[in-house]
1. Surrounded by 10 or more Cβ atoms within 10 Å (Cβ to Cβ), touching a helix residue (DSSP H, G or I) at 6+ places or on another chain (Cβ under 8 Å) and acidic (Asp, Glu) - does that describe any residue in the range 49-67?
2. Would you point out the residue of the range 1-20, among those that are at pLDDT 90 or above and not in a loop (DSSP other than H, G, I, E, B), that is surrounded by the fewest Cβ atoms within 10 Å (Cβ to Cβ)?
3. Please name all residue pairs, on different chains or six or more residues apart, with Cβ atoms under 8 Å, provided the first residue is in the range 34-62 and is at pLDDT 85 or above and the second residue is assigned to a loop (DSSP other than H, G, I, E, B) and loosely packed, with under 10 Cβ neighbours inside 10 Å.
4. For the range 39-62, give me each residue that is within 18 Å of His77 (Cβ to Cβ) and aromatic (Phe, Trp, Tyr).
5. Scan the range 35-56 residue by residue and report those that are among the small types (Gly, Ala, Ser) and part of a helix (DSSP H, G or I).
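The values are calculated or read from the model by the stated rules, or taken from the named source; none is laboratory data. From a predicted model like this one, the values you see are computed outputs, not experimental measurements. For neighbour counting, all protein chains shown are included, and Cβ atoms are generated from backbone atoms with ideal geometry for every residue, glycine included.
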Amino acid sequence: MDKHRRRLRSQAWFDGAGKNAFMYRSWMKNQGFPQDAFDGRPVIGICNTWSELTPCNAHLRELAERVRRRHQAVCRHGGADASPRAGRRVRGHRR
């Protein structure tokens, strides 16, 4: 690794043989993350305010799932940019 390259926050959590890193990897593996998800690539969490009780945010569930799938696809193919194409619209909202 280039000494000028910043260490990812997810590397600080998941790298190493310590007890904390083991627990963090275990929790994520329990949720379906494969072992190779912790090979130095960024681990990105997607949070949204979707709820069955707030219909105004109903579109966020679908949007978060699309972002998750796109990020996973880009990571599987070795790409670094998981951002959507500029200018695309999702249900009237500009990304």
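1. no
2. Looking at residues that are at pLDDT 90 or above and not in a loop (DSSP other than H, G, I, E, B), I get Lys19.
3. Close Cβ pairs (under 8 Å, with a partner that is assigned to a loop (DSSP other than H, G, I, E, B) and loosely packed, with under 10 Cβ neighbours inside 10 Å) amount to His59/Arg91.
4. Step one: list which residues in the range 39-62 are within 18 Å of His77 (Cβ to Cβ), which gives 39-44.
The answer is none; no residue qualifies.
5. Residue satisfying the conditions is Ala37 alone.
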